[in-house]
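Note sheet for the following structure.
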Amino acid sequence: MISEKGLKAIKTFEGYSPLEYTCVAGKRTIGFGHVLKPNESYVCGVSEEQAEELLIQDLKTVETAVDMLVKVPLKEYQRDALVSFAYNIGAYAFQRSTLLKELNAGNYEQVPKQLMRWIYVNGKPCYGLSRRRQAEAALFENKRERKRSFFYERKKK
C-alpha cells in the first residue's frame, strides 16, 4: 500500500473537487482525480472522505500494476513516486513507457529524466505537470532539496 506521504502528495497534486468536472484529457472526473465510468454518477457530488475512499480504491489497481510491471527492487519512496506517476498517466501508458523499460534494465538514474518527458498536454508543456514530475523525481531520488516539492515539507527553523 502507498505510504501516507505518497497518498498526501497525490491528493495535493490532484486537488479535491466535490463536483464532477472535465479534466484536461477530456474525461469526466470527481474527487481526487477519480475518472467516472460511463454509468457512474454523483449528482450531489462527493465529500472529501468519499473522494479519498475513491482514490484509495483507484490506487489499488495502480499499485497492483506497478508491482507487477516493475521487475527491480524499489524503496518505498521510489514506489510512491511511480504510483503517483502511473495514477496520473494511467497503467497502460506506464506499461508502455520508456521509463519502465529503463527502470527494469536497472537504470534507476534514468527515471528522473524519463519522468520529465511526461509534462505535455496536447504537445505543449504544462507547468502543473512539470512541477508534479519534478516532485516525483525528487521523491524517487529521495532528495529533499528540490524547490516546492509536495513530497517533503520544509523544516521550520
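Return the long-range amide H neighbours of residue 17 (sequence gap of 5 or more, or a different chain), with a cut-off of under 5 Å between placed amide H atoms.
Amide H neighbours of residue 17, under 5 Å, 5+ apart: 31, 32, 33.
For the range 4-140, what is the charge dipole size about the Cα centre, in debye to the nearest 20, if Lys and Arg each add +1 at the Cβ and Asp and Glu each add -1 at the Cβ?
680 debye
Pick out, in residue order, every one of the trypsin sites (Lys or Arg not before Pro) in the range 9-48 that is DSSP loop and has at most 14 other C-beta atoms within 10 Å; say none if there are none.
Working: sites: 11, 27, 28; in loops: 27.
Those that pass, being in a loop and sparsely packed, are 27.
How high is the relative contact order of the chain, in percent, counting Cα pairs under 8 Å that sit 6 or more residues apart?
Rounded, it is 20 percent for the chain.
Helix 127-140 versus the longest principal axis of the chain: what is the Cα-based angle in degrees, 0 to 90, to the nearest 10?
50 degrees
For the residues 59, 69, 99, what sequence is obtained by ranking on other C-beta atoms within 10 Å, fewest first?
So the residues, fewest neighbours to most, are 69, 59, 99.
May I ask which of 5/75; 5/60; 75/113; 27/101; 27/124 have a Cα-Cα span longer than 21 Å here?
Result: 27/101 exceed 21 Å.
Can you give the Kirkwood hydrodynamic radius of the range 4-140 from its Cα pairs, in Å with one decimal?
Value: 15.5 Å, from the Cα pair sum.
Which ordering of 62, 35, 43, 72 is given by a fewest-first count of other beta-carbon atoms within 10 Å?
Lowest count first: 43, 72, 35, 62.
Where a number appears in this text, it was derived from the coordinates with a stated rule and is not lab data. Just so you know, these numbers come straight off a predicted model, no measurement behind them. Note that we place each Cβ from the backbone using ideal geometry, even for glycine, and neighbour counts take in every protein chain shown.
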